[in-house]
Every structure is written in structure tokens, then in C-alpha cells.
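The values are calculated or read from the model by the stated rules, or taken from the named source; none is laboratory data. Model, not experiment: these values are computed from the prediction. Cβ atoms come from the backbone with ideal geometry, glycine included; neighbour counts cover every protein chain shown.
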Amino acid sequence: MVDYFIPTTLIDTLEFINNNEAKIISGATDLMVQRKKGAEITPYFTKKPVFVFNIKELNFIKESYEHIHIGACTPVSDLLNHKGTPSLLRKSIEVMASPALRNLATLPGNIINASPAGDTLPILYILDASVKIETLNSNRIVKVKDVITGPRRTILNSNEMITEVIVPKEEFTKSDFVKVGGRKADAISKISFTYAVKIKENKIIDLRLAFGAVGPVIIRKEELEEKYTNIELSKFKELKQEIINDYRQYITPINDQRSNKEYRKKVALNLLGDFIDTL
Amino acid sequence: MKDISKTIKKVDSDDKSSGKSKYISDYKMENMLHAITVRSKHQKAKIIKRTYPVLKEGYYIIDHTDIPGVNFVKMIFDDMPVFAENEVNYYLEPIALVVGPDKEEVLEIVNSIEIAYEIQIPTYEYTNSVINYNFTKGNIEKAKKESESEIEYTYNTPYQEQLYIEPQGMIGYFENNQVTLVGSIQCPYYVKAAVVSILDSEEDYIRVKQATVGGAFGGKEEFPSLIACHLAIAVHKIKKSVKLIYEREEDMETTTKRHPATIKLKAYMKDNKILGISSNVGIDAGAYIGLSGVVLSRALIAATGVYTIDNLAVNGDVFITNTVPNGAFRGFGAPQMLFAIEMFIHHIAKDINVEPLTLRQSYLAKQNDSTSTTGTFRDPIIMPEMLEKALKESDFIRKEKEYKQENSLKGIGMSWFLHGCGFTGSGEATHINAVVKLEKDKNDLVTILIAAVDMGQGVKTTMRKIVSNILDIPIENVIYNHPDTNLVPDSGPTVASRTIMIVGGLVARAAKQLKENWIDRNYQIFTEKYKQPSYIKWDEDNFRGDAYPAYSWGINIVEVEIDKNTYEVTVKEGWSVYDVGKAIDEQIIIGQADGGQLQGIGYGYMEVMKAVDGKIQQKNVTDYIIPTSVDAPILHTYLIDNPYPLGPYGAKGAGELTLVGGAPAVALAIEHAIGKKVTKIPVTPEYIMELMSNE
């Protein structure tokens with residue numbers, strides 16, 4: 001029999017992970033698949049699983065003047081029903097897996113799973129989203145892009161838990177999210193691309209771009225974004241080839257059972273080019 | 001008289017949609033043991049030594065030493081062992097079965113078994129031919145000599161996975177001195193024959209029952225015989241109930257799939273006319289032959305698709321490779337060949353600068369034309385009428401011109417196809433010899449006694465409809481339970497688009513017998529046996545004569561649009577016209593058409609399955625991508641009646657027909673959109689990118 005814990009309060013959870021070698025499971029839509037041993041056999045866990053779906057205090061969406069705060073145990077489908085959900089985030093959730101999975105999956109689950117193909121990750125990166133990480137007696141706020149250090153790797157310690165995702169509210173002149181999967185629904189990304197741009201008086205004053213599934217982590221290059229900010233829109237378009245060339249070196253996809261690296265690279269750059277052309 | 005085609009509610013739809021239907025993994029028996037298969041870790045190797053752990057009481061390891069009969073799965077050739085003995089020929093080939101009460105412990109035992117191998121070099125190339133078939137029609141040498149030019153293309157088709165919702169599974173138990181097997185199967189009597197052979201037992205020692213089947217598509221034709229043999233050996237030895245259910249990954253990595261194929265076609269041309277075609281077909285059987293010879297022969301017979309070509313040379317090989325054995329899949333060799341011939345006709349037209357539609361029409365087979373095997377198309381062919389309907393409904397001709405000029409990435413494609421109904425040639429008479437019974441009890445309830453399995457295709461509804469219509473009794477008074485070999489005669493396997501036309505035809509005859517001899521409140525039973533029409537002549541050795549008793553026909557038109565940045569294909573709309581003789585139930589045929597066409601289209605542009613070093617790469621539903629409802633286009637389906645005299649109410653086969661045209665239609669639509677010749681499927685975004693960058 002596996003020793004597991006289904007807490008109903010945050011404090012119980014933090015105490016438990018402080019005193020046990022534990023693994024928090026929030027949604028389980030990927031983790032239970034990774035750990036399964038077969039029908040009618042208990043999945044394989046080296047650490048005690050803690051299922052957090054019953055912590056009511058972490059199931060919320062709140063808005064402040066500048067931010068939207070999303071409780072760690074809020075299923076992503078709730079974000080689809082919430083009016084104030086940033087449109088980019090909504091777009092990524094709409095194409096995430098299937099309705100059944102969206103009713104269970106959570107943003108912290110997507111973050112901690114740390115897959116380069118995680119659907120919400122490029123969005124959380126370019127929106128400069130942060131997470132609140134708590135232990136029994138401390139808490140810290142860290143940007144999502146600094147939480148993930150590699151495929152399936154994060155900075156979280158075993159006594160720490162993400163309790164909240166904090167997304168800044170911002171208005172962009174233009175933004176979009178493109179997911180390229182093997183089919184139109186219920187697919188894992190071969191490539192994803194997102195952008196958010198602010199344009200004032202024909203000048204780009206804020207430029208953010210990110211790519212998913214074309215490297216070990218989400219690709220967002222702030223130094224390149226800065227390089228092409230405060231540029232006239234027409235000039236920006238003229239620089240298309242240069243921009244593509246600047247990004248090319250960072251797009252380092254692999255061959256796998258879902259696609260190949262040549263396709264991933266070419267399509268990632270096509271999407272970048274198309275973004276520039278149609279801006 | 002009421003029209004049989006008028007749709008009625010499917011008899012099992014309430015049970016299936018409410019969750020009441022019991023599938024094999026839902027069965028639980030007292031003191032039931034669980035079984036897990038021990039599998040090879042190598043693609044080709046000699047087994048040097050096995051080290052089995054000491055087992056706790058109640059746990060067993062079953063292997064080849066427990067087999068009372070000969071260690072082969074009874075099929076056409078004795079080549080596939082039930083359990084590997086001294087060698088393995090593909091990755092994950094079954095070696096033994098571990099059985100015990102706690103499934104987790106069973107898994108631990110499986111993992112603790114040590115097998116020492118001497119690794120050998122595997123083959124994945126098409127070099128080791130184990131079957132060669134060839135035949136000619138007319139005079140190909142003369143055609144070659146008279147021709148002024150030759151047009152040649154090679155087409156490649158991939159694996160396709162059936163991906164039934166319910167994985168393979170079976171339960172075995174010992175009851176009334178019988179080894180009894182209940183399973184998710186298409187062919188109860190195939191399973192029985194295999195088990196009788198492996199146990200070297202009397203016929204009545206084995207009983208096979210069907211559980212509700214959650215999809216099959218051919219994948220549960222011959223493969224379940226292997227699982228049944230594993231279980232039967234265990235049940236025979238232990239005399240307890242044992243459950244063996246495959247995990248999804250296990251199912252996808254180790255069960256039969258559609259044969260990958262390479263098809264080389266060469267046309268001998270003169271004055272823009274096709275004098276003859278030579279076809280060279282190679283199919284990949286995997287590690288053992290199984291049904292591959294029959295798959296090859298059905299592919300070869302389809303060598304000219306719906307066209308009449310006077311001079312032919314057809315040659316085909318079954319190649320053995322060290323990969324998972326391939327087997328039956330809806331279409332059975334035809335999807336590969338029809339993809340090739342449909343693309344080829346199109347490519348010839350382009351090369352000689354003739355409208356493809358014009359070229360197609362000039363070679364379209366007509367009644368009394370000679371078939372690819374020099375048989376005769378005896379029944380009326382209504383393709384011209386079907387074509388008119390398809391062109392009109394889809395607005396094909398206008399779109400075809402417009403999209404070409406628009407320089408858009410829109411495309412429209414059309415395929416024409418036929419499918420032979422029933423077993424090849426005299427197979428129904430020489431191999432199957434179907435028997436059906438109709439039994440009336442004293443309450444005037446009529447039971448259909450046949451071995452046909454409802455796997456979602458609706459046969460429980462259509463058979464009852466046939467009987468209730470003929471007898472003019474309510475459908476509720478007609479009973480058709482899951483087949484049980486203790487109770488039903490062998491009406492043959494549920495395969496080859498034969499169930500309604502052949503078995504249904506016999507059931508209809510039995511019903512007519514009962515009607516003529518009906519005595520109220522009396523027990524009555526009528527038996528019908530298959531009799532081959534005397535005009536069907538088939539020379540199996542030389543592929544000469546009437547390959548099938550009848551053909552169903554179809555046209556698919558598919559419209560696509562391709563994304564210029566991502567090369568993703570959107571299938572926007574589809575139009576189909578079918579001649580299935582006469583629909584026994586319109587909605588059931590439309591269900592077959594929607595599902596079949598989507599499965600065919602998926603095969604054509606989406607479904608990727610590859611083996612690398614003999615290992616299947618796409619082994620779960622996440623990685624093996626098939627169309628979802630979101631990907632499904634609007635499909636318009638039209639049926640035109642063309643009754644076949646020997647089918648019940650004129651019905652012919654419909655199960656496979658609806659799949660076989662999907663791939664060429666979508667591939668031609670994509671070819672039209674991008675203006676590049678497509679020679680392989682699936683036409684994935686990766687392949688489209690490749691084609692479009694070769695400017």
C-alpha cells in the first residue's frame with residue numbers, strides 16, 4: 001500500500017512536506033501517466049504522494065489592480081470561465097489537451113512538470129508571471145522563467161510548494177499564441193510560438209517573443225527583445241531577416257516520435273517571420 | 001412494403017452509451033489470477049539460458065514446455081510460435097507467461113526473470129522474400145513492345161495502427177471440463193481452432209465466448225489467437241480463472257498492424273494511351289508470415305483499382321523482417337494498392353498533359369469488362385451515376401480549376417475505388433463453408449445462431465432487422481446473443497466485408513424457410529449452408545478468374561487547406577458516394593462511412609507510426625495521432641442502390657469499402673494544393689515542407 005496524503009489545508013500540506021520525503025501532485029494529468037505500472041497496479045512513487053485537489057483555500061482567482069492571482073489548485077478550465085483571464089493565457093488553455101484534462105490540470109502542475117512543450121509556459125514567460133513559493137516558515141516570489149532550469153528540472157526544494165501564480169495585467173497592441181501539434185485538439189506541441197507587442201506612434205515600445213518545444217526550456221531572449229525595441233515599425237519590418245538570423249542560433253530542437261528538428265526549426269522561424277510581416 | 005434501409009435505433013446503443021455493456025476488463029471472477037507476458041528484449045537472438053526465480057505458492061511461469069500440442073499459432077503457415085523456444089525474432093516477442101493472484105507481484109516476477117541471449121544481426125530491409133505471387137492478364141510483352149514510352153513511379157505506405165478503444169484482452173477459466181475463453185475477439189472459431197491445436201485436444205474441450213467488443217478493425221481477427229493460446233495453456237495446467245489484459249503500450253508495441261508497403265508501377269504508353277501496367281508490390285510481414293500472404297493477394301488483385309487495363313503483369317512479395325508481425329486491418333492490402341493506383345493514374349495524366357478526370361473516365365471499368373484477374377464484372381457498375389452525384393454535390397470541377405489558378409494553398413482531391421466482398425475467389429466455399437441456424441422456441445421467439453461478432457459495426461441490429469422484416473415479427477422477438485462456440489455453428493470469421501452479404505444472406509434464407517414452414521407455438525430450427533454460385537470460377541494458383549463474388553464501389557472527394565507557415569493540413573469537407581448494393585440500415589452505413597473515411601483520411605495525412613531498430617516509436621495515444629472530432633471535416637455521404645441478387649435485400653459489403661479511398665483522396669487534395677507530386681503517405685506537415693522546399 002502506498003503511503004499518501006490528501007490534505008485539506010495549506011498548513012497541513014506544508015507541515016507534511018516539511019517532515020516527509022513527499023511529492024506534490026496537482027492535477028496528475030501527466031505525472032500519473034509517467035508513473036503508471038499497469039492497470040490495477042499502484043503507480044510507482046519513491047516519495048509519498050500528496051494530492052492537493054482538496055485544498056479549498058488554494059482554489060481561487062483574485063484580481064488586484066495590477067495582477068491576477070491564481071491559486072495553485074485552481075483547474076485551468078476555471079481560467080477559461082473567468083472574465084479577467086489574460087487573453088494569451090486563455091488561448092493557450094483552450095488548445096491544451098482535452099476538456100477532461102483541463103478540468104484537472106493546474107498551472108503549477110504545468111510549471112513544475114517543466115516540459116519544453118508545456119502549453120502555458122511560453123505565455124507565463126512573456127507575461128513575466130511569477131509564482132509564490134512557500135515553506136512552513138518562509139515564502140518567496142520567483143519569476144516562472146527562473147523556476148525552470150531544464151527539462152523536468154526546477155529550483156524547488158522538497159519542502160517547498162507553489163501556492164499561487166501571479167500574472168501581471170497588461171494591455172498589448174497585438175498578441176497571439178500559435179500551437180503546432182499533430183492535430184487540432186488533444187495534442188502535444190511540436191512547436192509553439194507566442195508574442196506580445198506594444199506599439200505607440202508607429203514605434204515598437206515593448207516586444208516579447210517566446211518559443212516552446214524547440215529547446216530544452218522555453219526560449220525567450222530578453223536581450224534580443226531589447227535590441228529591437230524603440231524602433232519604427234517600418235524599420236522593424238525591414239530588419240526581418242536580421243531578427244530571424246538573431247533567433248536562429250537559439251532554436252535548437254530535437255528529433256523525436258512527434259516530429260523532426262528540421263521541421264521544428266523552419267516552422268519556428270516561419271512563425272517569427274510571419275509575425276513580423278503581419279505586424 | 002417497408003424499406004429495409006429506413007434507420008432504426010441500434011439495439012445496443014443504450015447499453016453502450018450508459019456504460020452497462022460489460023467489456024472484458026470489467027469481468028471479475030472468484031479467485032481470479034492475473035497474467036503478464038514475459039517478452040524478448042532483443043530483435044533477433046538465440047536464447048541461451050533462462051533463470052526463473054523460485055516462486056511462492058500460487059504463482060506460475062508458463063512457457064513452451066507446458067504446451068501439449070505443437071508450438072505454433074494455428075493459421076495458414078506453421079511459423080509463429082506461441083512461446084519462443086530457442087530463438088526470438090522480434091523485439092518483445094512472447095517467451096513466457098507469469099500467472100498469480102497479485103498483479104503487482106506478477107509484474108515483479110516478470111521483471112526478475114533472467115534470460116541470457118546470443119544477439120544476432122536483425123534485418124529490416126525488404127530482402128528476405130518468403131512468398132512470391134505473380135500473374136498476368138492479356139499480353140504484357142506485346143504492350144511493352146508496342147509502347148513508345150514508359151511512366152514509372154514508386155509509392156510507399158506506412159504502418160497503420162487499428163487503435164481500437166479497448167486493448168486486447170481475454171479471460172480463461174475451467175468449467176464443466178472445458179477450457180473456456182471469453183474475449184474481445186472478431187472470430188470465435190479462429191480462436192477455438194488455435195487453442196484445440198495448441199492443447200492437442202478434442203474439439204469439445206474448448207469453448208470460446210465473445211465479450212462486448214470495443215472496436216477491432218481487423219486487429220482482433222487473428223491476433224487474439226495468440227493471447228488465447230497463452231491463456232489456454234495456463235488454464236489447462238492450473239485449472240483456475242486467469243485474466244490477461246494488454247496495457248495500451250503493450251498493445252501498440254506488440255500487436256499486428258497494417259503492413260507497410262512499397263509499390264512500383266510502370267505504365268507502357270502509346271499515343272497517350274495506357275497499353276499495359278506492370279506492378280511490383282512488396283509488403284513487410286514483420287517477423288512471421290501470419291496472414292500476410294492473403295493480404296498480399298488482396299493487394300495484387302486490386303492492382304488496377306476501378307480501371308480496366310488490358311495488359312498486366314503483377315508481381316508481389318511478402319518480406320520477413322525482425323519487427324512486430326503485421327496482420328489484418330480493415331481494407332486488408334487494398335488501401336496500399338488503391339493509394340498507389342489512384343496516385344499513378346493521376347501522375348500519368350499529368351505527365352501526358354491530359355485532364356486526370358478524362359483519363360480516369362476512359363479506363364473506368366464497365367459491366368462485363370475483364371477484371372485484373374481476367375474474371376468478369378458481372379453486375380451493373382453505376383460509377384458514372386455516382387460520379388455525377390459526387391461532382392455536383394462537391395462542385396469539384398469549378399474548385400479544381402479555381403484553386404489551381406488562385407495560387408492559394410487550397411486543394412481538392414478525388415479517389416475512385418472498389419472493394420471485393422467476402423473471401424477471395426472460392427475461399428467461402430473451400431476454406432469457410434459457413435453454416436447458420438435460426439431457432440424458434442415455443443413462445444415464437446427467434447434466435448439467430450451465428451458466429452458473427454458485433455464490434456460496433458452494427459451487425460446485432462442489421463441481422464435482427466433482416467430476420468424481423470422477413471418474418472414480419474417485432475425486432476424484440478428476435479434474439480442475437482454474443483456468440484458462444486458451444487451454442488452457435490461456425491458461420492465464419494467477422495472479416496472481409498462478408499458478414500451481411502454472405503452470413504446475412506444465409507440468415508435471410510433461413511428466415512424465409514422458417515416463414516414458409518412457420519408453425520405457431522412450436523420449436524423449430526432451420527440450418528443454411530453456403531453454396532457457391534456455379535458461375536464463380538477461380539484458379540487460386542494462377543490468380544485467374546473471379547476473385548470475388550461481388551464488388552462494392554465508392555467515390556471520395558476531399559477538400560483541404562494548408563497553412564503557409566506550419567504546413568498543417570486542415571481537411572475542410574468531404575463528399576462520398578457509395579454503392580453497397582442496398583443498405584440494411586442507412587444510419588449504420590453512414591456510421592461506417594464517417595468512421596471508415598476518417599480512418600482512411602487519417603492514414604493518408606496524419607497517422608505516423610515508425611519502427612526504429614525494430615522498435616515501434618509511437619506506442620501510446622499521445623504519440624500516435626489519429627483525427628479527433630475537431631479534426632473531422634463535414635462529411636456528406638450519399639448511397640445509391642444497386643441491389644446484388646445474392647445479398648439479403650440486395651446488400652453487399654460495406655465495412656472496408658469506406659476506408660480504402662480516404663488516403664488517395666486526401667493525398668491528391670494536398671498534391672493539388674501545393675502543386676507537387678505526392679508519392680508516400682502520410683502526407684504530414686514535415687513531408688509537405690520537404691516537398692515545398694524542393695522548388
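Scanning segment B:320-375 for residues being among the small types (Gly, Ala, Ser) and under 20 Å from the mean Cα position of the chain (by Cα) gives a total of 6. Of all the numbered requirements in (1) surrounded by 22 or more Cβ atoms within 10 Å (Cβ to Cβ); (2) within 14 Å of chain A (Cβ to nearest Cβ), B:Glu104 misses one, and that requirement is (1).
Results for (1) over 30 Å from A:Glu262 (Cα atoms); (2) outside any loop (DSSP other than H, G, I, E, B); (3) within 14 Å of another protein chain (Cβ to nearest Cβ), shown as yes or no for each residue.
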| site | (1), (2), (3) |
| --- | --- |
| A:Ile166 | yes, yes, no |
| A:Asp176 | no, yes, yes |
| A:Ala185 | no, no, yes |
| A:Tyr195 | no, yes, yes |
| A:Val214 | no, no, yes |
| A:Val217 | no, no, no |
| A:Leu224 | no, yes, no |
| A:Gln241 | no, yes, no |
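Matching residues to (1) under 30 Å from B:Tyr268 (Cβ atoms); (2) more than 33 Å from the chain's Cα centre (by Cα); (3) assigned to a loop (DSSP other than H, G, I, E, B); (4) touching a residue at least 40 places away in the same chain (Cβ under 8 Å):
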site	(1), (2), (3), (4)
B:Val110	no, no, no, yes
B:Thr127	yes, no, yes, yes
B:Ile131	yes, no, no, yes
B:Glu152	yes, no, no, yes
B:Asn156	yes, no, no, yes
B:Leu181	no, no, no, yes
B:Ser197	no, no, no, yes
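Exactly one condition in (1) polar (S, T, N, Q); (2) on the phi > 0 side of the Ramachandran plot; (3) crowded, with 20+ Cβ neighbours inside 10 Å is not met by B:Asn368; state its number. That leaves (3) as the condition not met.
Restricting B:Asn542, B:Asn565, B:Asn556 to residues that are within 14 Å of chain A (Cβ to nearest Cβ) and over 21 Å from B:Met463 (Cβ atoms) narrows the list to B:Asn565. Answer yes or no: is there a residue in segment A:255-267 that is crowded, with 16+ Cβ neighbours inside 10 Å, out of contact with any Pro (no Cβ under 9 Å at 6 or more places or on another chain) and in a loop (DSSP other than H, G, I, E, B). Yes, segment A:255-267 contains a residue that is crowded, with 16+ Cβ neighbours inside 10 Å, out of contact with any Pro (no Cβ under 9 Å at 6 or more places or on another chain) and in a loop (DSSP other than H, G, I, E, B). Here B:Glu30 meets each of (1) modelled with pLDDT under 95; (2) of a type in the set (Asp, Glu); (3) in contact with a helix residue (DSSP H, G or I) (Cβ under 7 Å, 6 or more places away or on another chain) with one exception, condition (3). B:Lys404 falls short on exactly one of the conditions (1) assigned by TED's automatic domain parsing to the domain that holds B:Glu573; (2) at pLDDT 95 or above, and that condition is (2). For residues in segment A:1-17 being loosely packed, with under 15 Cβ neighbours inside 10 Å and closer than 21 Å to A:Asn113 by Cα, which is modelled with the highest pLDDT? The selected residue is A:Ile6. When only residues in segment A:248-279 that are within 12 Å of another protein chain (Cβ to nearest Cβ), of a type in the set (Ser, Thr, Tyr) and touching a helix residue (DSSP H, G or I) at 6+ places or on another chain (Cβ under 9 Å) count, which is nearest to A:Pro116 (Cα to Cα)? Only one residue tops the list, namely A:Ser259. Scanning segment B:568-584 for residues that are assigned to a loop (DSSP other than H, G, I, E, B) and away from every other protein chain (no Cβ under 14 Å) turns up B:Val580, B:Gly581, B:Lys582, B:Ala583, B:Ile584. Against the list (1) out of contact with any Pro (no Cβ under 9 Å at 6 or more places or on another chain); (2) surrounded by fewer than 20 Cβ atoms within 10 Å (Cβ to Cβ); (3) modelled with pLDDT of 95 or more; (4) not acidic (Asp, Glu), the condition B:Ile24 fails is (2). Acidic (Asp, Glu) and within 14 Å of chain A (Cβ to nearest Cβ): is that true of B:Asp63 in this structure? Answer is no for this residue.
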